[in-house]
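Input: a single structure, listed below in structure tokens.
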Amino acid sequence: MRTDLVGQDIGPVDVVISPKIVAQVAAVLGYDDPMHLDHHAARAAGFGDVLVPTGLVAPGDGLSESHEGDESQQALAALEIDFTRTLFAGTEVEYRRPVCGGERLRATSRVAEVSERPGSAGPMQFVVWETRYADEAGKPVMTTRLTFVERS
Amino acid sequence: MTNLLDQWRSAPPAIGDSLPTWELPPVGREAIREFVTITGDRNAVHVDEEFAAAAGFPSVIASGPMTIALVGRYLERLVGPTAVRRLAVQLRHPVFPGDRLVCSGEITGLENGIATCDVRALREDGTTACKGTASFVHDTRGAAI
């Protein structure tokens, strides 16, 4: 990957969280809580729409309406990470408040950290991809840090 | 399962307390496929047996975000959909179709209305699918957020 981009902000890009995708993913995960499945129930509880399940992150634009041609995917591509040799290794999510379907969030990403560690088949490169999400008023909503491992 | 936070109002938690364990239903092959289809994950290792075999796996594997989201579901089962403030999980072993994950955890800190805990999901053979830490609001009277 391009390590010269480490620490540089990438974006921001706007992401619209799809209520439909949120509800579909929640159902696949086995949720029966209507807060994740039924926008009427979520609105009755004071939320804008169905709640994004705790800990659910989708690299790039996985929770937005369209997976095609999204700017965040292009930003990720700019790093030239070889995804055929890359595994998802973990995530950290920090919430300032619950996140709802239908929200338009402004996402600013950066490669927060790159480190190399020895592996059984040679050195492995760990990449931490951090994205800070803010609402339309600029207030922080959540921060995600996704760790990828690129094998040599 | 009764909301843990309701229980804690009458019996406050202490550092070192175990969180209730929860055995999830078997992870379904179809659920694995649907998760990656819906979220736009195009890695064939989640859907294509031949591709997974070539990558050295005995079958397709659940996507990492799906495994982590199941730990999130465990926490929501304990404390509801809006209490978690932070969840950090590292993947340790692939999850295969049919795996039954058992989630558990322990309280490691209680401060300003926020509980921190270690959490993990183990496979049936005892291997750790993933582990990490989480924090959640447990007492809104003292919560800083």
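Quick rundown of the values:
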read-out: B:G40 being surrounded by fewer than 19 Cβ atoms within 10 Å (Cβ to Cβ) and out of contact with any strand residue (DSSP E or B) (no Cβ under 7 Å at 6 or more places or on another chain); value: no
read-out: Matching residues, the stretch A:22-32, being in a loop (DSSP other than H, G, I, E, B) and either at pLDDT below 95 or more than 7 Å from every other protein chain (Cβ to nearest Cβ) (or both); value: A:D32
read-out: So B:L5, is it more than 9 Å from every other protein chain (Cβ to nearest Cβ), within 16 Å of the chain's Cα centre (by Cα) and closer than 16 Å to B:V137 by Cα; value: no
read-out: Hits in the stretch B:8-25 (condition: surrounded by fewer than 14 Cβ atoms within 10 Å (Cβ to Cβ) and either farther than 15 Å from B:G113 by Cα or not aliphatic (A, V, I, L, M) (or both)); value: B:R9, B:S10, B:P12, B:G16, B:S18, B:T21, B:E23, B:P25
read-out: Filter result for the condition that a residue is in contact (Cβ under 8 Å) with a residue 40 or more places away in the chain, of a type outside the set (S, T, N, Q) and surrounded by fewer than 23 Cβ atoms within 10 Å (Cβ to Cβ), over B:R92, B:R77; value: B:R77
read-out: Test: residue in the stretch B:73-88 that is out of contact with any strand residue (DSSP E or B) (no Cβ under 9 Å at 6 or more places or on another chain) and modelled with pLDDT of 95 or more; value: no
read-out: Scan of the stretch A:63-113 for residues that are under 13 Å from the mean Cα position of the chain (by Cα), facing another protein chain (nearest Cβ under 8 Å) and at pLDDT 85 or above, ordered by number; value: A:F88, A:G90, A:T91, A:E92, A:V93, A:E94, A:Y95
read-out: Pairs where the first residue, in the stretch B:100-120, is of a type in the set (D, E) and the second is outside any strand (DSSP E or B), C-beta under 9 Å, 6+ apart; value: B:E106/B:I15; B:E106/B:G16; B:E106/B:D17; B:E111/B:G142; B:E111/B:A144
read-out: Residue check for A:G60: modelled with pLDDT of 90 or more and not in a helix (DSSP H, G or I); value: no
read-out: Filtered residue count, the stretch A:97-152, keeping only those that are out of contact with any Gly (no Cβ under 9 Å at 6 or more places or on another chain) and not in a strand (DSSP E or B); value: 10
read-out: B:A83, sole failed condition from (1) among the small types (G, A, S); (2) over 20 Å from B:E124 (Cβ atoms); (3) without any contact (Cβ under 8 Å) to a residue 24 or more places away in the chain; value: (3)
read-out: Close pairs from the stretch A:25-36: first under 18 Å from B:S63 (Cα atoms) and hydroxyl-bearing (S, T, Y), partner outside any helix (DSSP H, G or I) and at pLDDT 95 or above, Cβ under 8 Å, at least 6 apart; value: A:Y31/A:P53
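Every residue, every condition in (1) aromatic (F, W, Y); (2) in contact with a Gly (Cβ under 6 Å, 6 or more places away or on another chain); (3) facing another protein chain (nearest Cβ under 10 Å), yes or no:
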{"position": "B:E76", "(1), (2), (3)": "no, no, yes"}
{"position": "B:G80", "(1), (2), (3)": "no, no, yes"}
{"position": "B:A88", "(1), (2), (3)": "no, yes, yes"}
{"position": "B:H93", "(1), (2), (3)": "no, no, no"}
{"position": "B:D99", "(1), (2), (3)": "no, no, no"}
{"position": "B:G109", "(1), (2), (3)": "no, no, no"}
{"position": "B:F136", "(1), (2), (3)": "yes, no, yes"}
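For (1) at pLDDT below 95; (2) buried (at least 17 other Cβ atoms within 10 Å of the Cβ), each residue gets a yes or a no:
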| site | (1), (2) |
| --- | --- |
| B:C103 | no, yes |
| B:L110 | no, yes |
| B:T127 | no, no |
| B:H138 | yes, yes |
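The values are calculated or read from the model by the stated rules, or taken from the named source; none is laboratory data. This is a predicted model, so every value here is computed, not measured. In this analysis, Cβ positions are derived from the backbone assuming ideal geometry, glycine residues included, and neighbour counts consider all displayed protein chains.
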